[in-house]
Amino acid sequence: MRKRFIHALFAISALSTTGIFLGSCNQSSSSQTDSTKSNTSLYGQKFDKTTAIDVDSALANWQSHTKSVIVKGTSTAVCQTEGCWFKYKTATEDLFVDFDHQFKIEKNSVGKSMYATGYFYQDTVSVEMLQEWAKDDGKTAEEIAAIKEPKIELHFRAVGVEIE
């Protein structure tokens, strides 16, 4: 009887562990290659990019895009730790785009044309988070240590990203 119980626990444990690993793999490999365009990758939710507007135009009226908008632009930086964020090149200051840890993009996507569907929001970013992002962005120890104050920033939360 004890032997059967131990075997049953082992089987349940093995199935649970397998489910955890499969769940993790499915989340991190959420990219799909669009078969109609060989150099296009989609991450997160699918969307129709034909209505996309330039990131600078969207920024000019960001208050009207706090629900949903599709923006396009060129990436200037990508998280080199996990691929969990990127920055759009803009006319003023690069725009931080995050995915709320729902998916990750390829780390070698700097300089590529990016489409993102999501919304704008303002965030008070802590010193610790600013330092973490600086580290992810490859900043030097001196540049990271120089970050001493939290910052209110305009961000974009993407639920889907397409890279060309």
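The values are calculated or read from the model by the stated rules, or taken from the named source; none is laboratory data. What you see is a predicted model; the values in this text were computed from it and never measured. When we count neighbours, we look across all protein chains shown, and the Cβ atoms used for this are built from the backbone with ideal geometry, even at glycine.
Assorted remarks:
- If you go through the range 93-115 and keep only what is closer than 22 Å to Leu59 by Cα, acidic (Asp, Glu) and touching a residue at least 60 places away in the same chain (Cβ under 8 Å), you end up with just Asp98.
- Number of positions in the range 73-106 that are within 16 Å of Gly160 (Cβ to Cβ), surrounded by fewer than 15 Cβ atoms within 10 Å (Cβ to Cβ) and polar (S, T, N, Q): 0
- Residues that are small (Gly, Ala, Ser) and closer than 14 Å to Gly118 by Cβ were ranked within the range 32-63; the one that is modelled with the lowest pLDDT is Ala58.
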